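S.K.: Sharing a structure with you now.
Only the coordinates and a few stated rules stand behind these numbers; no lab work does. This structure is a prediction, so every number in the text was calculated from the model and none was measured. Counting neighbours? That spans all protein chains shown, and the Cβs are built from the backbone with ideal geometry, glycine included.
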Amino acid sequence: MKAMILAAGRGERMLPLTKTTPKPLLKVAGTTLIERHLKRLATAGCDAIVINIYYLGSQIQEHLGSEQYGMPIVYSEEAELLETAGGINAALPLLGEDPFLVVNGDIFTDFDFAALLRRQTSVQPHLVMVPNPPHHSEGDYAVDAGGVLRSNGDQFYTYSGIGVYSAAFFAQMQPGKLMLRPLFDAAVSTGKLTGELFSGMWTDVGTPERYALLTEQYP
């Protein structure tokens, strides 16, 4: 299975750290966030990598090159920031028709990608959910006993930025800017979005404060 790393964002909430460095190239425990993903994806058995780039994207391309850990890397260069769904949709010619894994380039986690890479026949999207962090205490969706995501329930969880998709999920989407959330909401309303709960180590490296706490924990 191929994997896509979302790395195009401006990282505006991370200023001044991201004034000259794209967020995926920030280091934790001596390794950039994106290289940590690449190493773990390779260990899990990923075949190839697609990375979308926009803000300071040339730095990412120059840093990683065309191969890492035995996996070929291709880049989806965006002329404007297309957001999450828009970026994936633009990269579909590079990803193909088969299911593919997507991970945000600005999270730090020990999630094992291997199980997701085995979802070769996934027809509907499958999301990894996490307990709600303080900055997103309301969560996104509930997960029922069958692993279907719901917009109602006693306990909501937060989308981790890790999921498996296929080109069919984006079939009705027009080219351009779009976040994933509207597509998720539409799929949840018809019971066509599944998920699983991950309670291990996970941080959305979204602010300098969160980054500082993370680097204190993992110097």
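S.K.: What is the one condition in (1) of a type outside the set (Ser, Thr, Tyr); (2) surrounded by fewer than 21 Cβ atoms within 10 Å (Cβ to Cβ); (3) within 19 Å of residue 116 (Cβ to Cβ); (4) free of Cβ contacts under 8 Å to residues at least 40 places away in the same chain that residue 36 does not satisfy?
M.R.: (4)
S.K.: OK, next. Look through 188, 148, 205 and report the one residue that is under 30 Å from residue 21 (Cα atoms) and of a type in the set (A, V, I, L, M).
M.R.: When all the criteria are applied, what remains is 205.
S.K.: Residues of the range 77-111 being over 14 Å from the mean Cα position of the chain (by Cα) and over 18 Å from residue 173 (Cα atoms), which ones?
M.R.: 77, 79
S.K.: Of everything in the range 154-182, what is closer than 18 Å to residue 133 by Cα and part of a loop (DSSP other than H, G, I, E, B)? Give them in sequence order.
M.R.: Across the range 154-182, the qualifying residues are 154, 155.
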